[in-house]
1. To the nearest 10 degrees, how steeply does helix A:79-94 sit against the main Cα axis of chain A, on a 0 to 90 scale?
2. Shortest first and in nm to one decimal, what separations exist between B:R141 and its copies in the other chains, measuring from label points 7 Å along the Cα-to-beta-carbon line?
3. Could you work out the equivalent-ellipsoid semi-axes for region A:12-55, taking the square root of 5 times each eigenvalue of the Cα gyration tensor, largest first, in whole Å?
4. Suppose you put the label 7 Å out from Cα in the Cβ direction; list, shortest first and in nm with one decimal, how far B:R202 is from each other copy's label.
5. Please determine, in degrees from 0 to 90 and to the nearest 10, the orientation of helix A:107-118 with respect to the longest principal axis defined by the Cα atoms of chain A, where the helix direction is its Cα long axis.
6. From the square roots a ≥ b ≥ c of the eigenvalues of the alpha-carbon gyration tensor of region B:196-245, which class results: rounded (a/c under 1.5), prolate (a/b over b/c), or oblate?
7. Rounded, prolate or oblate for the protein assembly as shown? Axes are the square roots of the Cα gyration tensor eigenvalues, ordered a ≥ b ≥ c, and the cut-off for rounded is a/c under 1.5.
8. How big is D, in µm² s⁻¹, for region B:53-97 by Stokes-Einstein at 4 °C and 1.567 mPa s if Rh is the Kirkwood radius over C-alpha pairs?
There are 2 protein chains.
Amino acid sequence: MVRPDRKRPVTSVDVAAAAGVSQATVARCFTTPGVVAPDTRLKIEAAADRLGYVPNAIARSLKSQRTSIVGAVVPAVGEYWQNVVTYFSRRLTARGRQLLLFSFLDHAEVNETLEAVMQYRLDGLILASANIAEAQLARMRQTGLSLVAFNHPDAAGIVPSVTVDNEAGASELARHLAGLGCTRVLYLGGVAAASTDRARFRGAARTLASTGATCNYMEAGAFTYEAGYRAADTAANLDRLPDAIMVGSDEVAFGMLDGLRRRGLTAPADVLVTGFDGLPQASWAGYDLTTLVQPADQLAEHAVKLASGDGSDASDAPPPSVVVAGTLRRGLTTRRGDAGRARPGSYSRRSCGTEPSAGR
Amino acid sequence: MVRPDRKRPVTSVDVAAAAGVSQATVARCFTTPGVVAPDTRLKIEAAADRLGYVPNAIARSLKSQRTSIVGAVVPAVGEYWQNVVTYFSRRLTARGRQLLLFSFLDHAEVNETLEAVMQYRLDGLILASANIAEAQLARMRQTGLSLVAFNHPDAAGIVPSVTVDNEAGASELARHLAGLGCTRVLYLGGVAAASTDRARFRGAARTLASTGATCNYMEAGAFTYEAGYRAADTAANLDRLPDAIMVGSDEVAFGMLDGLRRRGLTAPADVLVTGFDGLPQASWAGYDLTTLVQPADQLAEHAVKLASGDGSDASDAPPPSVVVAGTLRRGLTTRRGDAGRARPGSYSRRSCGTEPSAGR
DNA sequence: CGATCCTATGTATACGTATTCATCGTTGCA
DNA sequence: TGCAACGATGAATACGTATACATAGGATCG
C-alpha cells in the first residue's frame with residue numbers, strides 16, 4: 001500500500017490516472033461492473049487496491065439522489081424498543097442499507113429532531129412515535145421518502161403501517177383466560193392514550209364479554225416496570241382480587257408480578273397474569289410469563305421493506321398496511337393445574353433454556 | 001406554502017432567486033447567520049419558509065468534508081448493549097450529531113460491514129467489537145475519522161478508548177464479599193477471551209487473594225442469561241458450594257439466580273451472588289442483585305466526545321484513554337443479615353421503586 | 001476631505017461521483 | 001465489401017452547497 005500523500009484522500013480520479021483509464025470507467029467499475037471489459041476491470045481493481053481507494057458514498061448520494069440510509073425514530077426507553085431496533089439494524093444491513101437512529105425520551109423532542117433528519121435526504125423513515133404533526137407528515141412524503149409507521153395502528157390508512165394484530169392478540173389471550181374459567185378480569189393498560197393500548201383492551205374486552213366475563217380497565221401510567229410495580233398495590237387493595245390480570249405489556253407485567261409477590265400474592269396461585277410483547281425475559285425462569293409474542297423479526301422485515309421503497313411507488317394506491325399475527329406463549333403465570341403445587345420460588349423446568357424463545 | 005412544482009426539490013438557488021439575493025448569501029444565512037445583515041436574513045428566511053426549503057446535508061457534507069455523523073458498531077445481543085446504544089443516541093443528538101448504527105451478531109460480519117461504513121466518511125466511529133484487523137484500524141485512522149474503542153480495555157494505547165474500571169470494580173465487589181466473610185469464591189466469567197472478562201477476574205482474584213480467600217474461575221461460554229442458567233447446574237454439582245459466586249455480567253447473573261432457584265438454592269441464603277454492569281433490571285425486585293453499576297451515561301458521553309473529534313487532533317499525542325469508576329450497588333443477593341429471614345419469593349421493600357436505579 | 005478599514009454581498013469554483021452523449025473499433029450479415 | 005449494430009470507453013456535465021476572492025459602499029480617522 002503506497003502512501004496516498006497522507007493528506008488528500010484518494011478519489012476515483014486518482015484511480016483512473018493510476019489505471020490509465022478515465023474517471024467514468026472507474027465509476028462504472030464500481031456501480032455497473034458488467035459493462036466494463038474484464039481486463040480493464042482487473043486493472044482498475046488492482047489500482048484501487050493499491051491506492052486504498054474507498055468510494056465516497058456522500059458524493060454518490062448527491063449525484064444519484066439516493067442515500068441508501070433509512071432512519072428510525074424510536075422511544076429511548078423500554079426493552080421492547082431496544083429489541084426492535086436490533087432487528088431493524090440487521091434487516092437493513094442485509095439489504096445494503098444503513099440505519100440512522102434517533103432515540104427520543106420526550107415526544108416533544110421528535111418534531112425538533114425531525115427537522116434535522118430531513119436534511120439527510122433519507123431513502124426511508126420508520127416512525128415509532130405517535131404524535132407527529134400531520135402537516136409535517138405531508139411535507140415529508142412530498143420529498144419522496146418512504147414513511148412507515150411502526151406499531152402505531154391509528155396511522156394505517158394515512159401512512160404505510162406495520163403492526164402486530166393487537167386486537168386479535170389480546171383476544172387470544174382473553175380466550176385463553178376464559179378457557180381457564182376466569183370471569184372477573186382486570187386489564188392493566190400502560191397509557192390509555194396509546195392506540196396500541198386501546199386496541200389491546202378492545203380485543204380483550206370484546207372476547208371476555210362474549211363469554212360473560214367482566215373486564216375492567218386500569219391505567220398504569222407508563223409502559224415501565226415501575227408503573228406495573230406500583231399498580232400492583234392498587235390491584236391488591238381492591239375489594240376482591242380479580243381472577244386474572246391482563247397487563248398491556250411484558251415490562252409492566254414484570255413489575256406487576258414483583259409487586260404482587262411483595263404483597264404475598266403470586267401467579268398463578270392467587271391470580272393469573274398475562275403480558276403482551278413476548279420479550280426474551282418473558283421466558284426467563286424468574287417470570288415465565290404467559291404473553292403474546294410479537295414476531296419482531298417479521299415486523300421489522302416488513303417495515304424495512306416498505307421503508308426501502310422497493311415497491312413500485314404508485315403513490316396513488318392506498319398505503320399498504322401490514323398486520324401480522326402474534327403467537328400465544330403459555331407460561332407458568334396462567335398454569336392452572338400447577339396452582340396447588342406452585343410455590344413462590346419454585347420454577348418449572350420446561351420454562352427455560354431448552355425451548356428457544358419465539359421472540360428472539 | 002406554494003407547490004414547488006411537485007417534482008424538483010427546492011434548493012438554495014431557488015431561495016436565492018425568491019429572496020433576490022445570491023446563493024452564497026442564502027448558504028451563509030444557514031451556516032453563519034452572524035455575517036448576514038438582519039433585514040437580508042429576514043427576507044431569506046421568509047422565502048425559505050414559503051418555498052419549504054430544507055438544506056441538503058449531503059451536499060453540505062460533500063463540500064465541507066464533514067458529515068456530522070458518528071457510527072457505532074455494537075453487538076446485537078445483550079441488554080447491556082441495548083442500553084448503551086440509547087445513551088449514544090441521546091448524547092449525539094445533544095451534540096448535533098447523527099448516529100449510524102451497526103448491530104452485528106457474529107464478529108465475522110464486522111470487517112465486512114466496516115467496508116461499507118467507510119464509504120460514508122463518518123466523522124467518528126465507536127467500536128464495541130473486539131477483533132478488528134489491525135491493518136484496517138490503521139487504514140481507518142488515516143482517513144481522519146476519530147476512532148474510539150468502547151469497553152475494550154485491550155485497545156487502550158492503540159486507539160482512544162473508553163471503559164469502566166473493570167479491575168477496580170471487580171475488586172470492590174470482592175472486598176464487599178470478603179467483608180461478609182467469604183473465603184471460597186467462584187468467579188463465573190462469560191467468555192474468557194474477552195478482555196473485560198479477564199480484567200474483572202484479575203481484580204477479583206487479586207483482592208480475594210490478599211484476604212486469604214480462594215477464587216476459582218469458570219466460564220459460562222457466553223454473556224447470556226441461558227449461559228448463566230446452565231452454569232448454575234455445574235456450580236450446584238460441585239463437591240462443596242462456594243460462599244459466593246461472582247458473575248461477570250448481570251445478564252448471566254440473572255440466569256445463575258434462576259438456575260440456582262430451580263435447584264432449590266437461593267441467594268443470599270445458600271450462596272451470595274454478585275453481577276457486573278448495573279442493568280436497570282438488577283434493581284427490579286425479582287432479582288435485586290448486588291452488582292457494580294457502570295455509569296453508562298458518563299461512558300457514553302466520553303465516547304461521544306472523543307468520536308466527535310472536538311479535541312485538537314494533535315494525532316501525535318498518545319491516544320487518550322478514559323477509565324471511569326463504577327459504583328457498588330448492594331442488593332439482596334449479598335444481604336447477610338437477612339439470610340435467616342429471607343425466603344425465596346419474599347422481597348424487601350427498599351429494593352424497588354423508591355430508590356432510583358443508578359444505572360438509568 | 002482623502003485614505004483606510006470593515007461589513008455585506010456577489011462571483012466563481014470545488015467537493016467526488018453518476019450518467020448522458022459522442023466516439024471509435026469490431027463484429028455480423030447481406 | 002459495405003453498412004448497420006454493438007460493445008467499450010472518454011469527454012463533459014450536473015448534483016447542491018460552502019468558501020476563497022473580489023467588490024462596493026459606508027464608517028472611521030488623520
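1. Approximately 30 degrees, to the nearest 10.
2. Computed spacing set for this position: 5.1 nm.
3. 14, 10, 9
4. Those separations, rounded to one decimal, come out as 5.9 nm.
5. The two axes meet at around 20 degrees.
6. Oblate shape, in that a/c is at least 1.5 and b/c is the bigger or equal ratio.
7. Taking the square roots of the gyration eigenvalues as a ≥ b ≥ c, the protein assembly as shown is oblate.
8. Reported coefficient: 104 µm²/s.
Rule-based calculations on the coordinates, nothing more; no lab input. Keep in mind it's a predicted model, so treat the numbers as computed, not measured. Reconstructed Cβ throughout: ideal geometry from the backbone, glycine too, with neighbour counts over all protein chains shown.
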